[in-house]
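The values are calculated or read from the model by the stated rules, or taken from the named source; none is laboratory data. This one's a predicted model, so the numbers in the text were calculated from it and none came from an experiment. Quick reminder, even Gly has a Cβ in these numbers, built from the backbone with ideal geometry, and neighbours come from all protein chains shown.
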2 protein chains.
Amino acid sequence: MDDQVVVAFAPEGQMSQVPAGTSLLDAATAAGLQIDAPCGGQGRCGRCKVTVAGEGLERRANARLTAAEVAAGVALACQAFVTGPVEVTLPPDRDEQVRPHGHAAAEPQALPVTCDWRRNPAVRTYDVEIEPPSLDDNASDFDRLRRALAQQHGITEVRAELPLLRGLSRDLRMAGWKVNVALEMRDWVYGTYLPPRLIRIYPSAFGQRSMGLAVDVGTTSIVAYLVDFETALVVDTGSAYNKQIACGEDVISRIIYARCKGGLRRLQRLVVETINDILAELRPRNRIEHYEIQEVVIAGNTTMTHLLLGLDPRYLREEPYIPALTMPPKLVAGELGLDVNELARVHLMPAVGSYVGGDITAGVISSGMYAAEELTLFVDIGTNGEIVLGNKDWLIACACSAGPAFEGGGVTHGMRASSGAIEDVWINAETLEPSFRTINDAPAQGLCGSGLIDLLGELLATGVLDKSGRLDRELASLTPRVQVSDGGVAQYVVAFADEAGADHDIVLTESDVTSLLRAKAAIYAGYSVLCRGVGVELADVQQILIGGAFGQYLDVEKAIRIGLLPDLPLERFHFVGNTSALGAYTALLCVNVRHDVLDVAAKMTYLELSADGTFMDEYMSALFLPHTDLDTFPTVRDMLAARGSHKRRTP
Amino acid sequence: MDDQVVVAFAPEGQMSQVPAGTSLLDAATAAGLQIDAPCGGQGRCGRCKVTVAGEGLERRANARLTAAEVAAGVALACQAFVTGPVEVTLPPDRDEQVRPHGHAAAEPQALPVTCDWRRNPAVRTYDVEIEPPSLDDNASDFDRLRRALAQQHGITEVRAELPLLRGLSRDLRMAGWKVNVALEMRDWVYGTYLPPRLIRIYPSAFGQRSMGLAVDVGTTSIVAYLVDFETALVVDTGSAYNKQIACGEDVISRIIYARCKGGLRRLQRLVVETINDILAELRPRNRIEHYEIQEVVIAGNTTMTHLLLGLDPRYLREEPYIPALTMPPKLVAGELGLDVNELARVHLMPAVGSYVGGDITAGVISSGMYAAEELTLFVDIGTNGEIVLGNKDWLIACACSAGPAFEGGGVTHGMRASSGAIEDVWINAETLEPSFRTINDAPAQGLCGSGLIDLLGELLATGVLDKSGRLDRELASLTPRVQVSDGGVAQYVVAFADEAGADHDIVLTESDVTSLLRAKAAIYAGYSVLCRGVGVELADVQQILIGGAFGQYLDVEKAIRIGLLPDLPLERFHFVGNTSALGAYTALLCVNVRHDVLDVAAKMTYLELSADGTFMDEYMSALFLPHTDLDTFPTVRDMLAARGSHKRRTP
């Protein structure tokens, strides 16, 4: 009996004839195919999974395969040996769409970015067996490691830094000269890739996981995604309020705080502490050690980036508003004090200007705007509204100082979007009685941004409020909801104390309305100036992408009604989630995207609104509900006309 | 009258015709010539010096020219304007021989290395005028600096790190946007040059000097050269005992000390403290600030390098004697704690093996051995004798554990080469009375290495000592200088207590002789094994280069007499000084040499003597004065024969 066996490889049909007992890995090599096996064929990394049809296979037991996989015919190519003819299906060798959440998440979200993260990862681990030294072979420990990496994995050049080298001799000997090394594979300077950089050496017998961290550093909240480089999935997420809040709620007050003695250092420490607090939850929950987090990408606005790096933010606030830098320097985690591998590379998303930061660059990436054919408007509404207009060919951005009204600041009963915040409001047009919903259905505490927008829109639609933001004082005699004080101050009661379960009524005053009008006018003027700047009409915009935590809870129809969003068909609006964190996640995983990020930041034109002569006119025109020129809001005009006729019928 | 003027340029005779009032700098450019003017033609850097013949010149006053220079026709090309025909001699545009000391030093020493340090410096400073920002031009501070460097100096890419960026915004504004920047020009990774790296930003109005530091970290002493990158000269030197001596006199005891808790950290701190102590003298003496020392090169043996870097030295001492690394990693001064610019690049000379270190690589460079046509033997004798054999085509090295005898250790009245050490000894053949000279002519305290060698040689030549190192006991009855104790221990008295001005006699015992024989035998066996290893005879060696502090005081003839140096014509021996410090100086200045250093370290074969089967035989044969086989020392053989016949006549 002939002991040669035929192995066929799908999907392309290559064949090889090999002696019985040959591993599938070797059989693939004989057929001219390459299967990824970073552990060197020891059955430990699980990367060489293939699917096998036919019985001619002898498997070795292997911890990396689940029972379900074995049942489905999945085998490790290095641990499966042919005994008879088999057909082997190789894993797909192509760019894959990146999606942060696997089957565990309720709604898997796919990003409009593809990359070859399996074959071209940012960080990679390799098993290396090193020849122990002898008098006849007395190369240094580092040279032995280099030699083994070259011989076993074709990596001919490798860099290492002092903190790692200090433990090298001991590490190699403790591991019995069998180590697993983590390498930064894609370190580059001005477009040139540098040789791989050693991040961690660990005994092969124990192995290490290779994880990354994507962080969105917001002025209010910090969100972190823990990402597994083996699977590309977000294995866990964590978030916390930015501890810098103790030094001021918005970026301006923090910039002022930074000027106090020790202020900048304290702000730097607080943001790092916040990230470390999140890590202190993520690590034990996922059985991850510090050193296994081997690369970090961080997105934040320009002020947050300055404070995280310890750069003086002073000139961000003083005209002409100049950042120290927009392209952050090369860093490792130890320089910032992050509780991850001290040698982990930290990438910060590049900014465009003082008020269009890395969070927006990240958003333009992860929302797919940078690759869009259609004319796209990207909006991130917070204390600052950041707006980007453009498509794959050009991008123009501006930032509008909206003030904290949409985050609940400067409004009598405004609050952040936390438990007990009123987030939806409807007003009965006949009785003018409101009904509302709170976050977590908790007793009402106040109104968050989406609740405020809802309320404004409903008050306008029911005629309680007029175009100029004035409450109809005559209604005070018809309903207890409209109240006018002795001083002539008018307000609408959303919830009486007993309805709210609070010790006070929850109201919206005319002065609150003014704050909200100023905020939405600034943002609307932003759109208008951007469009005028490039000579397009708002109506030409084919999609509007709404990012940020705030966007998720926004009722587009009501936001149009008050003139916060432009009056375009509803199907053009899309919510794109926390695009800052998603952008960081995308850049963490897809090294090609890191170049796109730089291109995007470099090509985006930053329009400084305070230097634009038309901004103030646009702003003044937008200080109405929805706008001075009702023709820019045709659906609202029609609604108001209908309401007007309805109202006229009432008396 | 025509106001066009002809300017001729020597040495190559280019001409240009320019309007009267044109600067020589512009005239040279018009003639297609390039004159170096890093300050941008502001008359501040003094680099554009030319020599002018003819009267047609109007000079502006300039602080960079001495009266003597002006009298000799030297002018700054950017500050000299033509009024009539002149002939201008340009500075030489070619590699220059490097010499560490200028006219100030008594004996200027030229190194056998040439480089283009003026045109191709390791660190360079540039004056930059930056456009202040405005609302219309709101690029970041770093981008403004990059743009100005590109426009004014053609430097299109520049890198910066966090510590510098943290002060950038303030620095630029405090300097009124006119800054002098120091750039590391020649940073490279695996043979690829990286873009220039910012080391320091300083107001142009004040200016900064650009200095380097070359350091020889010896087990006993540390020597530092302060080098001016403008002139390439060593402007000052400093030295101190290595503070690590408190933790052990030799490398072995320090390796043992490093294993104690906190021992390695303490040793690391002590060596840095020693360098910082030297800097604390050099800086004020030369009116230099920390930040003006902008690049550092350090040479030391492998143990010293490990301790300076904080690498575990344990395996250097345990068979098979493996260093953690031989090619030190990329570093900046801040990582080590050196009191220089924290961003200054620190280069450590690469080692060959555990006992052939960066000091020897440095020596092979600065002694010129690596470029020699002749078969050369380089010897550095200390506690370890390091020996290199070869020429420009090949190099082989070994280290012999000579023990501390030549440094005065383990010898009854041995001492280091400090004040009061007997360094020269002559013995009257008739009376057997010695005469001697001490360092600084101070009262005799003991014998240093060169004194011991002299003494051994004289005792052999006068027959007091025989070939096997035994004192002639019969002489005890003829001279009080030879003494035999009741226990049969014999000794020679070099100085009675009253001659020495000490409270004891200074003697050499037979047991001291044994220690010295072992030391010299180890070194001689080293030469022999190296030669045999490559199949050449010691007699084929065309030059012997003797490095190290010890070498300077060595009497070659007497060292041959005892068999420490091979018996070759005296004209083949050359003292090459502190080749370790000179090598560091050379690499500091000549960036091309830094590549040579790596090549040298990589190509040098390291012969581990303890793994060589012939070493022990050679060692045993060399445990005689001068050697078992007298034919290997013909001149000594003849001398002894003459003495023998002379002696026979005496009784």
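Considered as a group, the residues in the stretch A:492-508 that are touching a residue at least 24 places away in the same chain (Cβ under 8 Å) and in a strand (DSSP E or B) include one that is surrounded by the fewest Cβ atoms within 10 Å (Cβ to Cβ), and that residue is A:VAL507.
Of the helices (runs of 4 or more DSSP H) entirely within the stretch A:559-651, those holding at least 3 residues that are buried (at least 20 other Cβ atoms within 10 Å of the Cβ) occupy A:579-589, A:591-603, A:615-621. With the structure loaded, tell me whether B:GLY403 is surrounded by fewer than 21 Cβ atoms within 10 Å (Cβ to Cβ), farther than 21 Å from A:SER140 by Cβ and not β-branched (Val, Ile, Thr) or whether it fails that test. Judged against the criteria, B:GLY403 is a match. Can you confirm whether B:GLU273 is away from chain A (no Cβ under 14 Å) and without any contact (Cβ under 8 Å) to a residue 40 or more places away in the chain? Here the answer is yes, as B:GLU273 does meet what is asked. Only one of the numbered conditions (1) buried (at least 21 other Cβ atoms within 10 Å of the Cβ); (2) at pLDDT 95 or above; (3) within 30 Å of B:GLY334 (Cα to Cα) is not met by A:ALA122, and that is (2). None of B:LEU640, B:LEU609 is among the aliphatic types (A, V, I, L, M) and within 14 Å of chain A (Cβ to nearest Cβ) except B:LEU609.
If only residues of the stretch A:125-135 that are touching a Pro at 6+ places or on another chain (Cβ under 7 Å) and surrounded by fewer than 20 Cβ atoms within 10 Å (Cβ to Cβ) are counted, the one that is nearest to the other protein chains (Cβ to nearest Cβ) is A:LEU135.
If you go through the stretch A:226-242 one residue at a time, do you hit one that is surrounded by fewer than 19 Cβ atoms within 10 Å (Cβ to Cβ), away from chain B (no Cβ under 14 Å), outside any strand (DSSP E or B) and touching a helix residue (DSSP H, G or I) at 6+ places or on another chain (Cβ under 7 Å)? No; the residues of the stretch A:226-242 include none that is surrounded by fewer than 19 Cβ atoms within 10 Å (Cβ to Cβ), away from chain B (no Cβ under 14 Å), outside any strand (DSSP E or B) and touching a helix residue (DSSP H, G or I) at 6+ places or on another chain (Cβ under 7 Å). Against the numbered list (1) touching a strand residue (DSSP E or B) at 6+ places or on another chain (Cβ under 9 Å); (2) at pLDDT 90 or above; (3) within 30 Å of B:VAL536 (Cβ to Cβ), B:ALA402 comes up short only at (2). Might you check whether a residue that is within 19 Å of the chain's Cα centre (by Cα), more than 12 Å from chain B (Cβ to nearest Cβ), of a type in the set (A, V, I, L, M, F, W, C) and under 15 Å from A:VAL271 (Cβ atoms) occurs anywhere in the stretch A:302-312? Yes, the conditions are met somewhere in the stretch A:302-312. Within the stretch A:124-163, track down each residue that is under 22 Å from B:GLU318 (Cα atoms) and hydrophobic (A, V, I, L, M, F, W, C). Residues satisfying the conditions are A:ILE130, A:LEU135, A:ALA139, A:PHE142, A:LEU145. Applying the condition of being of a type in the set (Asp, Glu) and either in contact with a Pro (Cβ under 7 Å, 6 or more places away or on another chain) or assigned to a helix (DSSP H, G or I) (or both) to the stretch B:509-538 and asking which residue is farthest from B:CYS398 (Cα to Cα) yields B:GLU510. Checked against (1) at the interface with another protein chain (Cβ under 7 Å from one of its Cβ atoms); (2) more than 23 Å from B:GLN244 (Cβ to Cβ), B:ASN286 meets all criteria but (1). Only residues that are facing another protein chain (nearest Cβ under 7 Å) and among the basic types (Lys, Arg) were counted in the stretch B:315-331, giving 0. Residues in the stretch A:491-531 that are closer than 14 Å to A:ARG470 by Cβ and hydrophobic (A, V, I, L, M, F, W, C): A:LEU508, A:VAL513, A:LEU516, A:LEU517. Mind listing just one residue for me: the one in the stretch B:544-558 that is in contact with an Asp or Glu (Cβ under 9 Å, 6 or more places away or on another chain) and in a helix (DSSP H, G or I) and, of those, nearest to B:ALA421 (Cα to Cα)? Step by step, filter the stretch B:544-558, then rank; the result is B:PHE550.
Looking at this structure, is A:VAL234 in contact with a Phe, Trp or Tyr (Cβ under 6 Å, 6 or more places away or on another chain), more than 27 Å from B:GLU335 (Cβ to Cβ) and touching a residue at least 12 places away in the same chain (Cβ under 8 Å)? Yes; evaluated as a whole, the condition is true for this residue. When the stretch B:160-182 is filtered for residues that are within 15 Å of B:LEU198 (Cα to Cα), more than 7 Å from chain A (Cβ to nearest Cβ) and of a type outside the set (Val, Ile, Thr), the ones remaining, listed by number, are B:PRO163, B:LEU164, B:GLY167, B:ASP171, B:LEU172, B:ASN180, B:ALA182. For the residues A:ILE360, A:ILE365, A:ILE422, the requirement of being in contact with a Phe, Trp or Tyr (Cβ under 7 Å, 6 or more places away or on another chain) and either buried (at least 24 other Cβ atoms within 10 Å of the Cβ) or modelled with pLDDT of 95 or more (or both) singles out A:ILE422.
If I filter the stretch A:192-201 down to residues being facing chain B (nearest Cβ under 9 Å) and in contact (Cβ under 8 Å) with a residue 12 or more places away in the chain, which single residue comes out as nearest to B:LEU325 (Cα to Cα)? First the steps, then the outcome.
Pass one, the stretch A:192-201, residues facing chain B (nearest Cβ under 9 Å): A:192, A:194-195.
Checking which are in contact (Cβ under 8 Å) with a residue 12 or more places away in the chain leaves us with A:194-195.
Working: A:LEU194: 20, A:PRO195: 18 Å.
So the residue we want is A:PRO195.
All conditions but one from (1) away from chain B (no Cβ under 12 Å); (2) surrounded by 18 or more Cβ atoms within 10 Å (Cβ to Cβ); (3) not aliphatic (A, V, I, L, M) apply to A:GLY207; the one that does not is (2).
Tell me, yes or no, whether the stretch B:130-143 has at least one residue that is small (Gly, Ala, Ser), within 22 Å of B:ALA344 (Cβ to Cβ) and assigned to a loop (DSSP other than H, G, I, E, B).
Looking through the stretch B:130-143, none of the residues is small (Gly, Ala, Ser), within 22 Å of B:ALA344 (Cβ to Cβ) and assigned to a loop (DSSP other than H, G, I, E, B).
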